[in-house]
Amino acid sequence: MRLSHYLAVCGVASRRQAARLIDTGRVSINDQLGVHTDRVDLFEMVTILVDGKPILPVQAKQYFIYHKPVGIDCRLLAGDPHSLLHVLPDFPRLYPAGRLDKDSRGLLLLTNDGQLTQALMHPDFYHPKTYVVQVDKPVCADFLLMMAQGVQYADVQTRPCDIRPLSLSVNEDRFEIVLTQGLNRQIRRMCQALGYKVIDLLRIKLLDVCLDELAEKTLRPLTAAELLSLKASERDN
């Protein structure tokens with residue numbers, strides 16, 4: 001299999017992230033700089049290093065959800081004391097299937113299944129993600145309508161989405177929103193374009209996987225039903 005696919009199978013990163021590791025010269029295979037056309041035979045002895053460290057052989061697939069608190073950066077940077085890397089167990093080696101920005105909290109899927117990660121992160125697959133958002137002033141009908149229709153900011157036009165206030169109070173400053181995109185800081189930028197500032201952003205659901213009562217900073221394995229749901233979504237793509 002191709003080198004990037006092998007790195008994903010070994011749980012190093014998703015295939016897209018593995019391709020970036022190769023692009024930046026951080027991967028070597030048998031003491032040679034790795035390139036995208038390199039292929040790995042599972043039945044041959046090879047030495048593959050990422051950032052000078054040997055990668056572990058193919059591991060059994062693992063699937064967890066983590067309740068990420070505010071202040072944790074999802075980038076796996078060893079030199080950053082706030083990196084998610086310092087929260088993850090040493091084994092099995094896990095990485096996030098998608099991200100939450102440092103100022104956001106909630107459900108984060110952690111796995112070493114590169115193929116599933118690729119499917120969940122690909123923008124063409126329209127996987128729904130649900131958030132509860134608090135803003136700096138009461139939401140009005142016009143704001144909800146414009147958010148639902150899609151918002152333009154910079155050179156981006158967001159997709160239409162489902163949105164509803166959490167109560168009918170005139171002072172309601174929270175809403176639930178379901179996105180099928182994963183643009184960088186998307187909800188914050190949508191709100192900003194309409195004159196609102198996000199105070200709190202909590203992801204509560206990814207497809208059929210729910211955060212529910214999982215305590216902050218806590219990790220738990222996916223249930224069999226949750227995993228079947230994610231795998232079914234992967235096959236549908």
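The values are calculated or read from the model by the stated rules, or taken from the named source; none is laboratory data. From a predicted model like this one, the values you see are computed outputs, not experimental measurements. Cβ sites come from the backbone with ideal geometry, for glycine too, and all protein chains shown count toward neighbours. Surface accessibility is based on the protein's heavy atoms, side chains included, excluding ligands, DNA and RNA. Shrake-Rupley method; radii C 1.70, N 1.55, O 1.52, S 1.80 Å.
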When you scan segment 146-161, do you find a residue that is over 26 Å from Ala8 (Cβ atoms), modelled with pLDDT under 95 and acidic (Asp, Glu), even just one? yes
When segment 175-232 is examined, which residues are found to be in contact (Cβ under 8 Å) with a residue 24 or more places away in the chain, open to solvent by 40 Å² or more (accessible area, probe 1.4 Å), within 16 Å of Thr111 (Cβ to Cβ) and among the aliphatic types (A, V, I, L, M)? Leu219, Leu227
Taking the stated definitions as given, is Leu56 farther than 14 Å from Tyr6 by Cα and of a type in the set (A, V, I, L, M)? no
Please determine, by comparing only the residues of segment 128-138 that are touching a strand residue (DSSP E or B) at 6+ places or on another chain (Cβ under 7 Å) and of a type outside the set (Lys, Arg), which one is most open to solvent (accessible area, probe 1.4 Å). Asp136
Taking segment 105-124 and the residues there that are of a type outside the set (D, E, K, R) and surrounded by fewer than 17 Cβ atoms within 10 Å (Cβ to Cβ), the one that is nearest to Leu183 (Cα to Cα) would be Pro123
Return the residues of segment 141-174 that are closer than 20 Å to Pro128 by Cα, open to solvent by less than 60 Å² (accessible area, probe 1.4 Å) and among the polar types (S, T, N, Q); say none if nothing qualifies. Thr158
